[in-house]
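S.K.: Mind having a look at this structure? Questions to follow.
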Amino acid sequence: MAHNIFKGLGIALVTPFCEDGSVDYVALERLVRYQLENGADFFCILATTGETPCLTQAEKSKIKELVVSLAGGKVPILLGCGGNNTRAVVEELKSADLNGISGILSVCPYYNKPSQQGLYLHFKTIAAATELPVVLYNVPGRTGVNLSAETTVRLARDCANIVAIKEASGSLEQVDEIIKNKPAGFDVISGDDALTFPMISCGAVGVISVIGNALPKEFSRMIRLEFNGEYEAAREIHHRFTDLFSLLFVDGNPAGVKAMLHEMGMIKNVLRLPLVPTRISTLQRLSEIMKELKL
């Protein structure tokens, strides 16, 4: 069985836009360099936080090429490649240029709500279509279906290149069940910034983080402290960020972190419809907390 290399702080990379709505590649390069210099262990590109459904194929290709050129060889790159049409995902995997890509992140099929057997066969088919490591992505709040712990472990046992799951079910009980029953070499990665501290204490190996876009140094420090068994110091960082975690998602993702990055002077506060920027009240509160935390 393959082993998971996606550990520590993974950045769920945003896609910056210019005022006219085009992709801001200059800001994207600035972000990637900033994150590499401040503790990023791997990048997760063209997934939820990157507003990928609203990007053209040409934009996706250019973003991938840019991140690979900046980060490739320094840290692993996990590429979002999923959907609710199994055949289309397989065709994408077989036709895509995957040079410089270290693994695939594949989300549970959304909207058509398959059974656990349907989910099992979907991911088994995807795993068979690529030699790259596959990371499952369970996010029931977005997809309308939960990949059960039992199905996750079954896939981990049956598919040698399914190496991890990004767990965003919000259930520590489910996380614990996976970690208890998983085969060696398969890992759980947090998909929820607010639950990263307790998930790592349960045995998760890292996070694919939204807040890491803006605060990679602080969030990676929390993770490293926890890996070293320094739980009190790690908990202190976790609690400092509690208010930020809720504010980042109150108006949807990535609206919160884009507002935060805008406050830091890193990007324009622009999203593509149907997503819109945070409300003024949320932006003001984010700004206040960042000043309180001296960020």
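The values are calculated or read from the model by the stated rules, or taken from the named source; none is laboratory data. This one's a predicted model, so the numbers in the text were calculated from it and none came from an experiment. Positions of Cβ are backbone-derived with ideal geometry, glycine not excepted, and every protein chain shown enters the neighbour counts. Note: areas computed on protein heavy atoms with side chains; ligands, DNA, RNA excluded. Shrake-Rupley method; radii C 1.70, N 1.55, O 1.52, S 1.80 Å.
S.K.: Just one of the numbered conditions (1) open to solvent by 10 Å² or more (accessible area, probe 1.4 Å); (2) under 18 Å from the mean Cα position of the chain (by Cα) is not true of F227; which one?
M.R.: (2)
S.K.: Identify, by number, the condition in (1) over 26 Å from E173 (Cβ atoms); (2) open to solvent by 10 Å² or more (accessible area, probe 1.4 Å); (3) out of contact with any Ser or Thr (no Cβ under 9 Å at 6 or more places or on another chain); (4) in a helix (DSSP H, G or I) that K94 doesn't meet.
M.R.: With respect to (1) over 26 Å from E173 (Cβ atoms); (2) open to solvent by 10 Å² or more (accessible area, probe 1.4 Å); (3) out of contact with any Ser or Thr (no Cβ under 9 Å at 6 or more places or on another chain); (4) in a helix (DSSP H, G or I), K94 is out only on (3).
S.K.: Among the listed residues G50, G82, which satisfies the condition of being in contact with a Ser or Thr (Cβ under 7 Å, 6 or more places away or on another chain) and more than 21 Å from L273 (Cβ to Cβ)?
M.R.: G82
S.K.: Considering segment 97-144 alone, what residues qualify as being part of a helix (DSSP H, G or I) and farther than 15 Å from A156 by Cα?
M.R.: G118, P140, G141, R142, T143, listed by residue number.
S.K.: Okay, next question. Restricting to segment 167-186, name every residue that is surrounded by 22 or more Cβ atoms within 10 Å (Cβ to Cβ) and closer than 19 Å to K124 by Cα.
M.R.: Scanning segment 167-186 gives E167, I178, F186.
S.K.: Ok, one more. Here are A204, A214: which of them is over 19 Å from Q35 (Cβ atoms), at pLDDT 95 or above and open to solvent by less than 10 Å² (accessible area, probe 1.4 Å)? Write out each step before concluding.
M.R.: On the way: A214 fails: over 19 Å from Q35 (Cβ atoms).
Within the list A204, A214, the selection yields A204.
S.K.: Can you list residue pairs whose Cβ atoms sit under 9 Å apart, with the first residue in segment 153-173 being in contact (Cβ under 8 Å) with a residue 60 or more places away in the chain and the second being loosely packed, with under 15 Cβ neighbours inside 10 Å and of a type outside the set (G, A, S)? Count only pairs 6 or more apart in sequence or on different chains.
M.R.: That search, which allows pairs on different chains as well, returns A160/M1; N161/M1; N161/E131; V163/M1; V163/H3.
S.K.: What pairs can you find where one residue is in segment 268-295 and farther than 25 Å from T48 by Cα, the other is among the basic types (K, R) and assigned to a helix (DSSP H, G or I), and their Cβ atoms are less than 8 Å apart, with a gap of 6+ or different chains?
M.R.: Pairs found: L293/R240.
S.K.: Just to be sure, is L244 within 20 Å of the chain's Cα centre (by Cα), over 24 Å from C54 (Cα atoms) and either open to solvent by less than 30 Å² (accessible area, probe 1.4 Å) or hydrophobic (A, V, I, L, M, F, W, C) (or both)?
M.R.: Spelling it out, L244 is indeed within 20 Å of the chain's Cα centre (by Cα), over 24 Å from C54 (Cα atoms) and either open to solvent by less than 30 Å² (accessible area, probe 1.4 Å) or hydrophobic (A, V, I, L, M, F, W, C) (or both).
Residue by residue, here is whether (1) touching a residue at least 24 places away in the same chain (Cβ under 8 Å); (2) hydrophobic (A, V, I, L, M, F, W, C) holds:
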| site | (1), (2) |
| --- | --- |
| A2 | yes, yes |
| V14 | yes, yes |
| R33 | yes, no |
| L36 | yes, yes |
| K74 | yes, no |
| G83 | yes, no |
| E91 | no, no |
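S.K.: Quick check on this structure: which one of V75, V67 is part of a helix (DSSP H, G or I) and surrounded by 15 or more Cβ atoms within 10 Å (Cβ to Cβ)?
M.R.: Among V75, V67, only V67 is part of a helix (DSSP H, G or I) and surrounded by 15 or more Cβ atoms within 10 Å (Cβ to Cβ).
S.K.: Right, something else. Restricting attention to segment 3-62, which residues are of a type in the set (F, W, Y) and either assigned to a loop (DSSP other than H, G, I, E, B) or open to solvent by 40 Å² or more (accessible area, probe 1.4 Å) (or both)?
M.R.: Result: F6, Y25, Y34.
S.K.: Now for a separate question. What residue, of A128, A156, A164, is open to solvent by 10 Å² or more (accessible area, probe 1.4 Å), under 30 Å from D97 (Cβ atoms) and modelled with pLDDT of 95 or more?
M.R.: Working: A156 fails: open to solvent by 10 Å² or more (accessible area, probe 1.4 Å); A164 fails: open to solvent by 10 Å² or more (accessible area, probe 1.4 Å).
Result of the check over A128, A156, A164: A128.
S.K.: I'm trying to understand the selection: among the residues of segment 255-275, which are in contact with a helix residue (DSSP H, G or I) (Cβ under 7 Å, 6 or more places away or on another chain) and part of a loop (DSSP other than H, G, I, E, B)?
M.R.: Listed by number, the residues that qualify are M266, I267, K268, N269, L271, R272, L275.
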